[in-house]
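None of the figures in this text is laboratory data; all of them are computed from the coordinates on show. Note that this is a predicted model, so its numbers are computed, not measured. Counting neighbours? That spans all protein chains shown, and the Cβs are built from the backbone with ideal geometry, glycine included.
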Amino acid sequence: MKDNSRRGFMGKAFGAVAGVGAVASLYAMKKSWDPLPSVKAAGFTTLDMSNYEEDVMITEKWRGKPIFVLKKSAKVMKKEEGNPEAEARNIKVGNDNYMIAIGLCTHLGCIPAFRKEEGNFLCACHGGMFDASGLAIKSPPPRGFDIPPFKIDGNKLVLGEVGPEYQAMKDNGVTL
């Protein structure tokens, strides 16, 4: 009898230790799957839109991707007038209009070059072209530049956060 109770106790003790070990292992695995705080912080990039000049394309960086920022002049806006697709991609911050897009060709992911004189983007890999609003104007790109999630906060634009303007673009099929 005494031998049975000792064996039962040892079994229960081993089971308890194994259970605690399993819970600790699961906790450690979950912690290793969570992104690091530095990665979470890199998920948002704030751009001060008052620093940009008209018709000067600047490449910013967000989550390791190039972000094209082009402050549109009145001349560019006049050129886009009457084109509902181009007007839908327009991002208005304060009194200024911008083209903000992930700077990767939607064909094979190359980085197109901005041609200031022509006011468009050329992807040298396969000859694809995009206009100043980010629309594909010459194939092979299947669609215009993708627009990163953004939120307008006064005169600042926060990349990585979904604001009402971006949500409206997404709901209307302007971006993926």
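If you go through the range 113-143, how many residues are of a type in the set (Ser, Thr, Tyr) and surrounded by fewer than 17 Cβ atoms within 10 Å (Cβ to Cβ)?
Within the range 113-143, the subset of a type in the set (Ser, Thr, Tyr) is 133, 139.
Filter again for surrounded by fewer than 17 Cβ atoms within 10 Å (Cβ to Cβ), leaving 139.
Looking only at that region, the number is 1.
Considering (1) farther than 26 Å from Asn172 by Cα; (2) free of Cβ contacts under 8 Å to residues at least 60 places away in the same chain; (3) in contact with a Lys or Arg (Cβ under 9 Å, 6 or more places away or on another chain), the lone condition that Ile147 does not fulfil carries the number (1).
In the set (1) under 16 Å from Lys65 (Cβ atoms); (2) of a type in the set (Asp, Glu); (3) buried (at least 18 other Cβ atoms within 10 Å of the Cβ), the condition left unmet by Glu161 is number (3). Among the residues of the range 67-84, just one is within 21 Å of the chain's Cα centre (by Cα) and more than 17 Å from Lys116 (Cβ to Cβ), namely Ile67.
Here the range 51-69 is the region considered, the condition is being surrounded by 14 or more Cβ atoms within 10 Å (Cβ to Cβ) and of a type in the set (Val, Ile, Thr), and the residue that is nearest to Ser133 (Cα to Cα) is Val69. Screening the candidates Asn95, Asn120, Asn155 for the property of being within 22 Å of Phe44 (Cβ to Cβ), among the polar types (S, T, N, Q) and over 19 Å from the mean Cα position of the chain (by Cα) yields one hit, Asn155.
Is there a residue being in a strand (DSSP E or B), free of Cβ contacts under 8 Å to residues at least 40 places away in the same chain and basic (Lys, Arg) anywhere in the range 120-140?
The first filter runs over the range 120-140 and keeps only residues in a strand (DSSP E or B), leaving 120-123, 128-131, 136-138.
Narrowing the set further to residues that are free of Cβ contacts under 8 Å to residues at least 40 places away in the same chain leaves 120, 122-123, 128-130, 136-138.
Those still in the list that are basic (Lys, Arg) too: 138.
Yes, some residue in the range 120-140 is in a strand (DSSP E or B), free of Cβ contacts under 8 Å to residues at least 40 places away in the same chain and basic (Lys, Arg).
Looking at Glu165, Glu117, Glu161, which is the one that is part of a loop (DSSP other than H, G, I, E, B), at negative phi and touching a residue at least 40 places away in the same chain (Cβ under 8 Å)? One residue alone meets the criteria, Glu161. Restricting the range 101-114 to residues that are in contact with a Leu (Cβ under 9 Å, 6 or more places away or on another chain) and assigned to a loop (DSSP other than H, G, I, E, B) leaves a set whose member that is nearest to Lys61 (Cα to Cα) is Ile111. Taken together, the criteria exclude Phe44 from residues that are touching a Phe, Trp or Tyr at 6+ places or on another chain (Cβ under 7 Å) and either surrounded by fewer than 18 Cβ atoms within 10 Å (Cβ to Cβ) or farther than 22 Å from Gly173 by Cβ (or both).
Only a single criterion out of (1) assigned to a loop (DSSP other than H, G, I, E, B); (2) surrounded by 19 or more Cβ atoms within 10 Å (Cβ to Cβ) is not satisfied by Asp146, namely (2).
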